[in-house]
Amino acid sequence: MNRIEIRQLTKEYGTTKAVDQLTFDVLPGRVTGFLGPNGAGKSTTLRVLLGLDRATSGTATIGGRSFTDLQQPLLHVGALLDAQAAHGGRIAREHLLSLAVGNRIPVRRVDEVMEQAGIASAAKRRIQTYSLGMRQRLGIAAALLGDPGVLLLDEPTNGLDPEGIIWIRELMRGLAREGRTVLVSSHLMSETASFVDHLVVLGRGKLLADTPIEDFISARSTPRVRLRTSDPIRLRATLARDGFHLTEAAEGRWTVDGMQAEQLGALAAREGIPMLELSDERASLEQAYLDLTADHGEFAATH
């Protein structure tokens with residue numbers, strides 16, 4: 001029931017195709033990162049999925065049904081697209097209470113999610129007095145209100161302090177472990193890498209990648225080993241026999257391209273060469289992402 005299915009989805013605005021024949025699934029039990037440059041079609045896809053825009057063609061369903069066909073939708077899907085959307089003149093608790101009543105959600109859930117989001121002490125304050133981080137927590141509380149099986153979160157860490165970022169990271173992981181579907185759109189690569197299991201990457205409205213994060217990074221990384229040794233001369237000669245080159249790096253360390261630490265460790269042990277430090281290097285998510293999307297951005301700075 002919690003599976004998101006996007007099938008041949010196309011959305012046109014005039015002569016512009018914001019989304020072009022897009023097909024992918026978002027599965028329960030894992031946190032899926034939804035990435036892409038500005039103008040890639042992420043927001044459009046989420047808006048179509050939530051019934052805020054109508055597809056030109058194709059389908060976007062949750063548990064095999066359109067969002068607009070769901071009875072009491074907050075019981076099935078929780079979404080945070082814009083933390084600033086809540087009316088500033090309303091009291092925070094009353095804002096959540098109106099959502100609960102409209103979806104036949106027990107009133108006790110209002111206080112539970114405010115406590116969970118860390119804003120219970122500010123429940124009676126007007127939203128306009130909330131900081132950006134507090135509004136973000138209120139939006140997350142609203143998404144959690146119906147205890148839904150599907151969570152759609154756009155930039156959930158925006159405005160949060162370090163404690164809040166750790167909280168939302170653990171929250172998303174916990175929800176996925178419970179078998180829920182969690183789809184998170186973000187531009188913060190280093191933060192995204194800390195909590196997602198799977199990636200869906202768009203560029204100019206098309207699907208560029210749909211893969212586990214480890215596979216995504218590995219496919220765009222050249223194997224490299226970083227090491228320290230007390231006998232670099234002998235190690236250089238040993239590596240040269242197999243066509244590898246030992247390169248000096250900073251702080252007394254060396255690197256070898258085209259090898260993995262396990263392979264180099266076995267070679268050093270066989271030759272009796274002492275290794276003081278040995279580790280694999282790989283590209284970061286940000287590096288791998290930029291490598292994939294370099295030619296798919298709507299806007300790019302010149303150098």
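For Lys124, which aspartates and glutamates qualify as cross-link partners when the Cα separation must be under 17 Å and same-chain residues fewer than eight apart are set aside?
Excluding near neighbours in sequence, the set is Glu94, Asp111, Glu112, Glu115.
Could you work out the pair-distance distribution P(r) of region 224-281 from its alpha-carbon pairs, with 10 angstrom bin width and percents rounded to whole numbers?
So the P(r) values, bin by bin, are 25, 68, 7.
For Val110, what charge total do you get from the other residues with a beta carbon under 15 Å from its beta carbon, if Lys and Arg give +1 and Asp and Glu give -1?
For residues surrounding Val110, the net value is +3.
May I ask for the net charge around Thr238, where only other residues with Cβ less than 12 Å from the Cβ of Thr238 are counted and Lys, Arg are +1 while Asp, Glu are -1?
Taking every Cβ under 12 Å from that of Thr238, the sum is +1.
At 20 °C and 1.002 mPa s, grab the translational diffusion coefficient of region 31-173 from Stokes-Einstein with a Kirkwood Rh over Cα pairs, rounded to a whole number in µm² per second.
Translational diffusion coefficient: 135 µm²/s.
Using the Kirkwood formula over every pair of different C-alpha atoms, what hydrodynamic radius in Å results for region 1-115?
16.0 Å
Quick one: compute a quarter of the convex hull surface over the Cα atoms of region 94-252 and quote it in nm².
For region 94-252, averaging the hull's shadow over all directions gives 15.2 nm².
First check a/c for region 1-66, with a ≥ b ≥ c the square roots of the eigenvalues of its C-alpha gyration tensor; if it is under 1.5, answer rounded, and if not, answer prolate when a/b is larger than b/c or oblate otherwise.
oblate
Based on the alpha-carbon gyration tensor of the chain, what equivalent-ellipsoid semi-axes (square roots of 5 times the eigenvalues) come out, in whole Å, largest first?
45, 24, 17
Thinking of region 158-303 as a set of Cα atoms, what percent of all their pairs are more than 25 Å apart?
Summing the P(r) tail past 25 Å for region 158-303 gives 50 percent.
Let me check I've understood the local charge: for Asp20, count other residues with C-beta under 11 angstrom from its C-beta, Lys and Arg +1, Asp and Glu -1. What total comes out?
+3
No value in this document is a laboratory result; all are computed from the given coordinates. Since this is a predicted model, take the numbers as computed values, not measurements. Cβ coordinates were reconstructed from backbone atoms using ideal geometry, including for glycine residues, and neighbour counts include every protein chain displayed.
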